[in-house]
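First the structure, in the form of structure tokens, and then the observations on it.
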Amino acid sequence: YTDGGKINAEATPDRVTVEATDTGPGIPDIKRAMQPGYSTAPEWIQELGFGAGMGLNNIKRCSDSMDIKSEIGKGTYISISFNLQQN
């Protein structure tokens, strides 16, 4: 969850890059948050059926590159890229 954020996307014939920045609470332990099943979502969000703990792990697995930075109390930045193959 977050108080707001921004998503920017850039597409070229060779690559799609998406950058997301939020003003949420930040992720205290990125290494742990990257583990399948670990959720950064608060318990009340998980009780609603969200925050299953697969988001960051799946993003990394499905992208060609991923960079994540987070600061407690300030938010999180994620950049992901997908290389496109020419047919």
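The values are calculated or read from the model by the stated rules, or taken from the named source; none is laboratory data. Since the structure is predicted, the reported quantities are computational estimates derived from the model, not experimental observations. Virtual Cβ from ideal backbone geometry, glycine too; neighbours counted across all protein chains shown. Surface accessibility is based on the protein's heavy atoms, side chains included, excluding ligands, DNA and RNA. Shrake-Rupley method; radii C 1.70, N 1.55, O 1.52, S 1.80 Å.
Things worth noting here:
- Pairs, first touching a residue at least 60 places away in the same chain (Cβ under 8 Å) and more than 10 Å from Thr21 (Cβ to Cβ) in the range 65-77, second open to solvent by 60 Å² or more (accessible area, probe 1.4 Å) and assigned to a strand (DSSP E or B), C-beta under 7 Å, six or more apart: none
- Positions within the range 44-87 being open to solvent by 40 Å² or more (accessible area, probe 1.4 Å), closer than 17 Å to Asp14 by Cα and over 9 Å from the mean Cα position of the chain (by Cα), in sequence order: Cys62, Asp64, Ser65, Phe82, Asn83, Leu84, Gln85, Gln86, Asn87
For every residue, the table says whether it meets (1) modelled with pLDDT of 85 or more; (2) part of a loop (DSSP other than H, G, I, E, B).
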{"site": "Thr17", "(1), (2)": "yes, no"}
{"site": "Ala20", "(1), (2)": "yes, no"}
{"site": "Pro28", "(1), (2)": "yes, yes"}
{"site": "Lys31", "(1), (2)": "yes, no"}
{"site": "Pro36", "(1), (2)": "yes, yes"}
{"site": "Ser39", "(1), (2)": "no, yes"}
{"site": "Gln46", "(1), (2)": "no, no"}
{"site": "Ile59", "(1), (2)": "yes, no"}
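- Test for Gly5: is it in contact with a strand residue (DSSP E or B) (Cβ under 6 Å, 6 or more places away or on another chain), among the small types (Gly, Ala, Ser), modelled with pLDDT of 85 or more and open to solvent by 60 Å² or more (accessible area, probe 1.4 Å): yes
- Test set (1) among the small types (Gly, Ala, Ser); (2) in contact with a Ser or Thr (Cβ under 8 Å, 6 or more places away or on another chain); (3) surrounded by 15 or more Cβ atoms within 10 Å (Cβ to Cβ) - Ala41 fails condition number: (2)
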